[in-house]
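Written below as structure tokens is the structure these notes are about.
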Amino acid sequence: MFTEELLQKYADVMIWALEKARKTTGGEFKEKDVVLLRYELDSLKLAENVYRKLLEKRFNVVRQVNPTTKMEFDFYDVGNEEQLKFLEPWTKVLYKNINGLITLRAPASLTHLKTIDPEKMALEAKAIKPLMDIRDKREEAGEFGWTLCMMPTLALAEQAKLPLEEYEQEIIKACYLDKKNPVEEWENLYRESSAIKNWLNLISHHIDYLQIESASADLKIKIGERRKWLGVSGHNIPSFEIFTSPDLRGTEGVYFANMPSLRQGNCVEGVKLVFRKGKAVKIQAVNGEEFVWKTLDTDKGAKFIGEFSLTDKRFSPITKFMANTLFDENVGGENGNCHIAVGASYSDTFNGNPKELTKKIKKALGYNDSAIHWDLINTEDKNVTARLKSGEKVVIYEAGMFKNQ
């Protein structure tokens with residue numbers, strides 16, 4: 001059970017995460033900055049604690065409650081095309097002015113949208129993409145930072161096949177809320193992970209491509225020019241992954257996601273993608289294959305990748321399937337994990353001044369542009385080898401750990 005003490009600690013971590021996320025883009029919060037606090041009903045107690053701390057920082061806080069599961073279902077079930085594409089007139093003004101966003105997730109259902117046609121959800125995703133573009137540009141300029149976390153719910157616990165009390169403890173452990181000073185723990189992890197990021201960034205410009213090999217995957221990913229590796233930057237709580245956004249044109253081979261993925265009310269299992277010249281040309285899934293096909297038909301960029309990530313098992317205390325990508329993409333366990341994301345890239349992986357990035361430059365560098373971003377996770381034992389431009393091979397990840405030491 002989340003006591004008042006735990007909620008206070010969680011709120012402290014979220015404030016740290018928000019401020020750290022903006023600092024990583026060269027910005028810094030100041031009094032009177034506008035922060036959007038978005039939350040779901042089952043996260044209300046945490047929202048109240050976060051809200052007070054934001055006010056104590058003298059931020060101007062905009063509060064927004066996410067729709068209930070029934071409202072969300074009715075929107076897609078009854079809404080016509082015009083309604084699905086409708087943006088409230090004030091949202092663009094808000095996104096042009098907010099400096100921060102904290103999202104508190106607490107889903108009351110994970111399957112309420114399973115009967116909804118993914119094409120209807122794609123209409124909304126494409127409609128809100130201009131808002132995401134505004135947000136991205138502000139983040140690139142250091143004017144915006146964001147973070148998110150999750151509260152336990154019965155729906156999550158049931159999908160993960162865990163008792164609710166055990167599910168709660170997994171969240172507490174993963175976010176360091178069982179420690180005396182969780183913020184200090186996150187700050188220490190930030191420093192420890194910097195050694196790996198610095199090492200990867202030092203060799204990154206020598207890398208031609210990465211080869212990912214496991215029992216079910218054999219994938220070649222081209223890192224691309226002007227890239228850097230990021231992670232443990234406050235954007236997600238918890239977050240133990242270290243990632244970059246590759247050149248979308250250089251993905252070749254087979255990728256397999258052995259961990260289930262829950263997205264838009266659908267539980268997808270055993271996704272297998274075959275890539276040629278960057279594009280997923282063969283799409284299979286043990287369960288939910290039609291949903292995968294329709295999601296990857298959202299737009300032109302949906303069949304190309306926008307992210308490659310690795311999690312070191314020494315960092316992550318997450319060992320169980322949590323039925324939520326925020327936790328599952330950070331699982332440590334026996335083998336650590338890797339994941340690719342089909343869809344949008346992260347432009348903050350550019351190793352220069354993000355303010356210089358125009359659409360033309362992003363396209364030339366192979367950054368992907370899409371209305372979706374879907375993480376697909378592989379927890380098999382794997383080797384990740386960097387093939388250098390000199391022809392040399394360097395193993396960067398093995399047995400669930402980075403090989404910088």
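The values are calculated or read from the model by the stated rules, or taken from the named source; none is laboratory data. None of these values were measured; they are calculated from a predicted model. Counting neighbours? That spans all protein chains shown, and the Cβs are built from the backbone with ideal geometry, glycine included.
Values for this structure:
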read-out	value
Hits in the stretch 182-193 (condition: farther than 11 Å from Leu6 by Cα and either surrounded by fewer than 14 Cβ atoms within 10 Å (Cβ to Cβ) or in contact (Cβ under 8 Å) with a residue 12 or more places away in the chain (or both))	Val183, Glu184, Trp186, Glu187, Asn188, Leu189, Tyr190, Arg191, Glu192, Ser193
Candidate set from the stretch 26-52 (those that are buried (at least 18 other Cβ atoms within 10 Å of the Cβ) and β-branched (Val, Ile, Thr)); member that is farthest from Gly145 (Cα to Cα)	Val50
Strands (runs of 3 or more DSSP E) (entirely within the stretch 341-405) containing at least 2 residues that are of a type in the set (Gly, Ala, Ser) and over 17 Å from Ile221 (Cα atoms)	none
Per-region count, the stretch 280-315, residues surrounded by fewer than 17 Cβ atoms within 10 Å (Cβ to Cβ) and touching a Gly at 6+ places or on another chain (Cβ under 6 Å)	1
Qualifying positions in the stretch 181-232 - closer than 24 Å to Ala21 by Cα and hydrophobic (A, V, I, L, M, F, W, C)	Val183, Trp186, Leu189, Ala195, Ile196, Trp199, Leu200, Leu202, Ile223, Trp229, Leu230, Val232
Identity of the residue in the stretch 56-94, of a type in the set (Lys, Arg) and touching a strand residue (DSSP E or B) at 6+ places or on another chain (Cβ under 9 Å), that ends up nearest to Ala11 (Cα to Cα)	Lys57
The stretch 268-294 residues that are in a helix (DSSP H, G or I) and modelled with pLDDT of 95 or more, paired with ones that are of a type in the set (S, T, N, Q) and exposed (fewer than 13 other Cβ atoms within 10 Å of the Cβ) (beta carbon under 9 Å, 6 or more apart)	none
Residue that is nearest to Asn378 (Cα to Cα), among those in the stretch 244-256 that are touching a strand residue (DSSP E or B) at 6+ places or on another chain (Cβ under 7 Å) and surrounded by fewer than 23 Cβ atoms within 10 Å (Cβ to Cβ)	Phe256
Lone qualifier among Leu110, Leu101 - being assigned to a loop (DSSP other than H, G, I, E, B) and either modelled with pLDDT of 95 or more or buried (at least 19 other Cβ atoms within 10 Å of the Cβ) (or both)	Leu110
Some residue of the stretch 231-241 being in the same structural domain as Arg314 (by TED's automatic domain parsing) and over 19 Å from Ile318 (Cβ atoms)	no
